[in-house]
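To start, the structure under review is shown below, and the notes come after it.
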Amino acid sequence: MGLRPNLPIPRKSLFRSRQLPAPYDHMFDVFGNPVEGLVSQLPPHYLDTLRPKPPPNRNWQVPNYPFHIVPKGANKAHVEKKYKQAMWAPIPVVYPKRSRRELWGGEGMIFGFRQRDRFERPHRTIWHPKLINWTLYSEILDRDFDTVVSDTTLDLIDEHEGFDLYILETPAHELLSDFGMRIKGQILRSLAQKNYWKRDKEMFEMISEKYKDYVVPLEQAEWVGLKPEEAIFKLQLSQNHDYRPLKEIFAEQDAADLDATPVQAVQVKSLSWTSKLKSLFSQQPS
């Protein structure tokens with residue numbers, strides 16, 4: 001454990017009541033289909049990790065009945081109770097860019113107003129998760145990861161009985177971390193290639209038996225954890241796409257066209273200024 005890291009000071013524009021868009025929402029239309037172009041050619045299992053989905057339901061809970069029980073009198077059992085409808089709406093959560101580089105366990109920042117009592121004006125308040133520096137160990141990769149986690153992340157790791165199981169069993173829309181997805185890709189590629197614990201036969205057999213249900217083909221594991229620009233670049237390489245700038249491609253095509261066409265020799269006569277004057281005065285007026 002270490003010191004609690006400081007959170008960035010938010011701007012006033014973050015105090016709003018609507019949910020901010022996810023970082024990859026621009027790759028899909030309103031119906032959840034990928035936009036036309038190279039994005040639509042990406043593998044379906046990769047697009048499913050980027051598809052917009054509701055965040056994990058950890059910041060608010062749906063009540064069993066949307067009513068508050070309000071008694072008519074104080075501590076009077078013979079008085080019947082009436083029901084008053086309560087407001088039920090999900091709380092908008094802001095996920096800063098920093099949360100994608102760390103493991104917040106799906107937690108985010110909530111901006112709102114707090115009123116200490118009814119005689120005081122509401123003031124702006126920020127609710128954020130408790131963040132601490134932590135070292136996580138992966139038994140498949142046999143290495144440590146120093147990162148910033150929240151209390152929810154540690155509780156989920158204990159609930160899944162291990163860091164590797166937490167990364168493998170948590171989908172992308174609940175993990176909400178590019179750092180966690182990169183670790184997941186490394187773990188899946190290591191399981192597919194079986195290049196873990198080569199010097200310890202007992203650990204190799206134990207891990208192979210423990211994580212046999214999470215093994216995926218290597219062709220699918222290579223796409224896990226890639227950012228959209230990296231995935232598109234990988235797709236272009238697989239299609240033998242020329243990813244150079246268009247000006248270089250067009251310049252090369254023009255040079256090839258010039259080399260292919262024959263050039264006719266043109267004779268240019270160089271005349272001095274005296275000869276030009278003689279030819280000018282030698283002309284007879286019409």
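Quick notes
- Residues located in the range 115-137, provided they are hydrophobic (A, V, I, L, M, F, W, C) and in a strand (DSSP E or B): Ile126, Trp127, Leu131, Ile132, Trp134, Leu136
- Members of the range 240-258 that are of a type outside the set (A, V, I, L, M, F, W, C) and open to solvent by 80 Å² or more (accessible area, probe 1.4 Å): Asn240, His241, Tyr243, Arg244, Lys247, Glu248, Glu252, Gln253, Asp254, Asp257
- Screening Leu237 against (1) in a helix (DSSP H, G or I); (2) open to solvent by less than 80 Å² (accessible area, probe 1.4 Å); (3) touching a Phe, Trp or Tyr at 6+ places or on another chain (Cβ under 9 Å) leaves a single unmet condition, (2).
- Members of the range 187-227 found to be open to solvent by less than 80 Å² (accessible area, probe 1.4 Å), assigned to a helix (DSSP H, G or I) and not hydrophobic (A, V, I, L, M, F, W, C), listed by number: Arg189, Ser190, Ser208, Tyr214, Gln220
- Boolean, Ile140 is touching a residue at least 40 places away in the same chain (Cβ under 8 Å), assigned to a loop (DSSP other than H, G, I, E, B) and among the aliphatic types (A, V, I, L, M): yes
- Of all residues making up the range 143-186, the number that are assigned to a helix (DSSP H, G or I) and either farther than 26 Å from Met203 by Cα or not aliphatic (A, V, I, L, M) (or both): 21
- Qualifying residue in the range 78-90 (condition: at pLDDT 85 or above and in contact with a His (Cβ under 9 Å, 6 or more places away or on another chain)): no
- Residue count, the range 164-179 (criterion: within 12 Å of Gly105 (Cα to Cα), of a type outside the set (S, T, N, Q) and open to solvent by less than 10 Å² (accessible area, probe 1.4 Å)): 3
- Hey, Phe145 at pLDDT 85 or above, aromatic (Phe, Trp, Tyr) and either loosely packed, with under 10 Cβ neighbours inside 10 Å or within 22 Å of the chain's Cα centre (by Cα) (or both) or not: yes
- Of the residues making up the range 101-129, those that are touching a helix residue (DSSP H, G or I) at 6+ places or on another chain (Cβ under 6 Å) and farther than 13 Å from Thr152 by Cβ number 2.
- Contacts under 7 angstrom Cβ, first residue in the range 155-184 being over 17 Å from Ser99 (Cα atoms), partner open to solvent by less than 20 Å² (accessible area, probe 1.4 Å) and of a type in the set (Gly, Ala, Ser), 6 or more apart: Phe163/Ser138; Asp164/Ser138
- Among the candidates Lys198, Lys194, the residue that is at pLDDT 90 or above and of a type outside the set (A, V, I, L, M) is uniquely Lys194.
- Candidates Arg182, Arg121, Arg101, filtered to the one that is open to solvent by 50 Å² or more (accessible area, probe 1.4 Å) and over 19 Å from the mean Cα position of the chain (by Cα): Arg121
The values are calculated or read from the model by the stated rules, or taken from the named source; none is laboratory data. This structure is a prediction, so every number in the text was calculated from the model and none was measured. Virtual Cβ from ideal backbone geometry, glycine too; neighbours counted across all protein chains shown. Calculation scope for accessible area: heavy atoms of the full protein, side chains included, ligands and nucleic acids excluded. Shrake-Rupley method; radii C 1.70, N 1.55, O 1.52, S 1.80 Å.
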